[in-house]
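This report refers to the structure that appears directly beneath it.
The values are calculated or read from the model by the stated rules, or taken from the named source; none is laboratory data. Since this is a predicted model, take the numbers as computed values, not measurements. Note that we place each Cβ from the backbone using ideal geometry, even for glycine, and neighbour counts take in every protein chain shown. These accessible areas exclude ligands, DNA and RNA; they are computed on the full protein's heavy atoms, side chains included. Shrake-Rupley method; radii C 1.70, N 1.55, O 1.52, S 1.80 Å.
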Amino acid sequence: MKELPLLDGYSLETSDPDPPNLPLLTMLKLALRTWPYMRPLLKHLIVLLALAGAGMLTGMAGLFVGADLLPNKVLIGEKLQPLQATVLFVDNEYVTEDPQQLGESQDNNKGDGGKSNDVESIELTPDEQLSDEQRRTVRNRLILWGIVGGVIGTLIGYGSWYYATWIWQSVNQNLRVAMMERAESLSLRYHDQARVGDAIFRVYQDSAMIVNVIEGAIISPMFTAFGLLTAFAVVIFFDPLIAGFAMIAAVPFVLLLVKSTRRIQRRALANRVANSNLTSHIQESFTAVKVLKVNGSEPQIHEQFEEDSKRALDAAYHLRLDMVLLTLAIAFIGGILVIGTEYVLAYWVIEERQTFLGAAVAALIGFAIWNLAAFEIARGRLEGLAGSARYLLGIWMRLQDLFIALRRAFELLDTPLEVTESSNPDAYPQPIKSISWNNVSFAYEAETSSVLTNLSLTAEAGTVTAIVGATGSGKSTMMSLLLRLFDPDEGEVSINGIDLRDLRIADVRQNCAIALQKNVLFNETVANNIAFGAGRVDRTDIKRAAEIANADSFIRALEKGYDTELGERGGKLSAGQRQRISIARAVVRNTPILILDEPTASLDARNEQRVLSNLAAWGTDKVILLITHRLSTIQNADQIAVLENGRIVETGTYKELSERTGGRFSAFAQSELTRDSVDTRD
């Protein structure tokens, strides 16, 4: 076990990714793009905003009504303003006759220098003061309001928090589903070039940032800004000079914010990329766990994982370290503001300086001159200003990470679809008579050479067409074009003469079943694995498909027959058994086109012949395409097409091609026989 270095690698490196430019306008556009995923929850968002607005107004009202209740009314004994008496449910005996009475009497008691002649001169007369009993009543009702407000506020607060959590997660669900649908709609060209782990991280982690868009980019900044403006207004009521101090302190705050934004963006992107790479490494390691064990590569993988994990942790740590340092700098500026103004406020209290609006302000906040209570409230507002500034800074830094993540999420949604739906698709032809590749050319990338070049081939219904060729000759690419996983660069693939691009993508794939050599089974029952992708099929159809795939006998021999759980990736079955389950899965769909990609590679000769014979008898009205290297598999095919370097170089039956002296199929067959004999000797 190793300790992570504390500051190693903290300085920015040239290898760090260059973040996209995210000015406020770009952030706004990204925020607006989240609207389609929030729109289904519009009524809930309105209710949530209404609750938040009501809480904000209630808090503001409580501030102005109750700010001086404890210091001036309960402790000193000043009579209440009319609104305070109404809130506390007391009669007019508690109310000052004139809300400005206190301020005027205090002004009249000041000498020419603006300072009271003595402390006794500003003492309240009995008519201006609450009795001891009245003060106790005000105190008790203030405590009661505090208890009632605390209970109600807690219930509403936690209820709103739960409600908001449900809303945010529902919005996140909408975006995740959209991203997953988009990823599944992208052509294999995209998936061949992108790391699976990166797509997983974008769908699972980057998409989660939409949860913070309303709360982090709208609600929290709005409430914080409102609180800051409220505190600023209260400070101005006391004295604009204090507000001037706050404005001066805002200058270095803004400069630090502008200077650090680009750095935070860089850190945020580096953090996202590093964690995406770590996710990819984990996914690839677990996918290839058998290969790793067989080759004894665990130490190498562990070393690579440790390096990727350290890089991800460093990126996250350095991002947060930058945030902490910036927050400390702002806190230092705020501390200087508070300490400096406290000195000034204390001086004003000693001098009994009149507040900015003098007697007039007493009707609103109850303070006409600076005293200890005014000092405490003004200092609290100043601390609130500094705290709001720190909180706004935190929001701004988190927004950089939020919008970096949202941009990555939308990059997946913005990836152009190469295989697009026709605006006016034709009906899928029924019944299918033939499928054709007509002068098809295709390359996976524009800069690379073509995988298929001017390829033409026709397969008729009721026949088995075998496509043979060396590895990399283009066999699987032909099938991918037939499934519209790609579109040809030139030429067309057609069914009954109709270009696949003129048909619905869903119709093309629903009418074509495929059994792959690398079959994928799930931790489900045998029956559910066979029925996967076939919709609702009954047990009779499942058993019939298993019989055609020569799998029924071994399935019945399992502990629970068709209800046996297969385990992770079908681990309870042999390779041949898994392959027959895969064939049964393709058969149960009963589609007019069946593609068998090395379907019997793991079967012995006896099982292979039984499966092929059953398929031929079952598919008398279907187009069956067989991709294989095994000569025994293609001997009874109605047509064999020899594929070489992306071109069909020979077609014919097994007998015709075998008898063709010097033909490509003869050379292919000889090489396969030689390889099989070598494998047998081994």
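Scanning segment 22-70 for residues that are polar (S, T, N, Q) and in a helix (DSSP H, G or I) turns up 26, 58.
The set of residues from segment 446-486 being of a type outside the set (A, V, I, L, M, F, W, C), outside any strand (DSSP E or B), in contact with a Lys or Arg (Cβ under 8 Å, 6 or more places away or on another chain) and open to solvent by 30 Å² or more (accessible area, probe 1.4 Å) comprises just one member, 462. Go through segment 153-179 and give me each residue that's touching a helix residue (DSSP H, G or I) at 6+ places or on another chain (Cβ under 6 Å) and open to solvent by 60 Å² or more (accessible area, probe 1.4 Å). Matches in segment 153-179: 176 only. Taken over segment 637-682, the residue count meeting the criterion of being part of a loop (DSSP other than H, G, I, E, B) and either among the aliphatic types (A, V, I, L, M) or at pLDDT below 80 (or both) is 5.
Just one of the numbered conditions (1) in contact with a Gly (Cβ under 8 Å, 6 or more places away or on another chain); (2) assigned to a strand (DSSP E or B); (3) open to solvent by less than 10 Å² (accessible area, probe 1.4 Å) is not true of residue 435: (1).
Among residues of segment 319-335 that are closer than 22 Å to residue 405 by Cβ, those with a Cβ under 8 angstrom from a residue that is open to solvent by 30 Å² or more (accessible area, probe 1.4 Å) and not in a helix (DSSP H, G or I), sequence gap 6+ or separate chain, pair up as 321/10.
Among the conditions (1) aliphatic (A, V, I, L, M); (2) open to solvent by less than 20 Å² (accessible area, probe 1.4 Å); (3) closer than 30 Å to residue 137 by Cα, the only one that residue 56 does not satisfy is (2). Residues considered: 381, 398. Of these, the only one that is in a helix (DSSP H, G or I), open to solvent by 30 Å² or more (accessible area, probe 1.4 Å) and either more than 30 Å from residue 202 (Cβ to Cβ) or touching a strand residue (DSSP E or B) at 6+ places or on another chain (Cβ under 7 Å) (or both) is 381.
Under the condition of being under 45 Å from the mean Cα position of the chain (by Cα) and of a type in the set (S, T, N, Q), which residue from segment 597-643 is surrounded by the fewest Cβ atoms within 10 Å (Cβ to Cβ)? Only one residue fits best here, namely 602. Residue count for segment 573-591, restricted to those that are assigned to a helix (DSSP H, G or I) and crowded, with 19+ Cβ neighbours inside 10 Å: 12. Every condition in (1) within 47 Å of the chain's Cα centre (by Cα); (2) among the aliphatic types (A, V, I, L, M); (3) more than 20 Å from residue 669 (Cβ to Cβ); (4) in a helix (DSSP H, G or I) is met by residue 594 except one, and the failing one is (4). When we screen 250, 246 for residues that are modelled with pLDDT of 70 or more and surrounded by fewer than 16 Cβ atoms within 10 Å (Cβ to Cβ), the only hit is 250.
When the helices (runs of 4 or more DSSP H) confined to segment 288-378 are screened for residues that are surrounded by fewer than 20 Cβ atoms within 10 Å (Cβ to Cβ) and at pLDDT 75 or above, those reaching at least 1 such residues are found at 298-351. Checked against the criterion of being under 30 Å from residue 456 (Cα atoms), in contact (Cβ under 8 Å) with a residue 12 or more places away in the chain and either surrounded by 15 or more Cβ atoms within 10 Å (Cβ to Cβ) or more than 38 Å from the chain's Cα centre (by Cα) (or both), the candidates 524, 492, 547 yield just one match: 492. Evaluate segment 108-120: report whether one residue or more is within 14 Å of residue 353 (Cα to Cα), surrounded by 12 or more Cβ atoms within 10 Å (Cβ to Cβ), within 60 Å of the chain's Cα centre (by Cα) and modelled with pLDDT under 55. No, segment 108-120 contains no residue that is within 14 Å of residue 353 (Cα to Cα), surrounded by 12 or more Cβ atoms within 10 Å (Cβ to Cβ), within 60 Å of the chain's Cα centre (by Cα) and modelled with pLDDT under 55. In this structure, residue 509 does satisfy being at pLDDT below 90, open to solvent by 70 Å² or more (accessible area, probe 1.4 Å), closer than 30 Å to residue 458 by Cβ and not in a loop (DSSP other than H, G, I, E, B).
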